[in-house]
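Here is the structure we will look at.
The values are calculated or read from the model by the stated rules, or taken from the named source; none is laboratory data. Note that the structure is predicted; figures quoted are calculated from it, not measured. Note: ideal-geometry Cβ built from the backbone for every residue, glycine included; neighbour counts use all protein chains shown.
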Amino acid sequence: MNPASPIAMLIQIILPMGLAFLFVYKYIDIRTKTTHFVCPVCSCSFKLSKLNFAFALKTGLLNERIVTCPVCGYRGRMPVVKD
Ligand SMILES: [Zn+2]
């Protein structure tokens, strides 16, 4: 097989992207299953869906996200808490 063929090049591009996507998806899957957030206003604890977790803004701190409380609607920094 000629390594410079368009199909080989395509595979070389898509394969790492697919693996990176799978890795990120798995990471988010594990993170959403094993962590939750505690609202500082109404002190309820809630979990984020995969999609919301992926798009939750990072604050610069590893275990903190800017999320919206589903109960009282408060939006702000909340620490990621392990279950
Ligand atoms: Zn709340």
- Item | Number of the condition not met by Lys58 [criteria: (1) of a type in the set (D, E, K, R); (2) more than 15 Å from the ligand (Cβ to nearest atom); (3) modelled with pLDDT of 95 or more] | (3)
- Item | Matching residues, segment 37-53, being within 14 Å of the ligand (Cβ to nearest atom), surrounded by 15 or more Cβ atoms within 10 Å (Cβ to Cβ) and more than 10 Å from Val71 (Cα to Cα) | Phe37, Leu48
- Mind listing whichever residues of segment 58-71 are under 14 Å from the mean Cα position of the chain (by Cα) and under 17 Å from Pro40 (Cα atoms)? Thr59, Asn63, Glu64, Arg65, Ile66, Val67
- Quick check: anything in segment 15-23 surrounded by 10 or more Cβ atoms within 10 Å (Cβ to Cβ) and either among the aromatic types (Phe, Trp, Tyr) or within 16 Å of the ligand (Cβ to nearest atom) (or both)? yes
- Note on the structure: Of the candidates Arg31, Arg77, the one satisfying the condition of being within 16 Å of the ligand (Cβ to nearest atom) and of a type in the set (D, E, K, R) is Arg77
- Message: Every residue in segment 1-33 that is over 12 Å from the mean Cα position of the chain (by Cα) and touching a residue at least 24 places away in the same chain (Cβ under 8 Å), please.
- Response: none
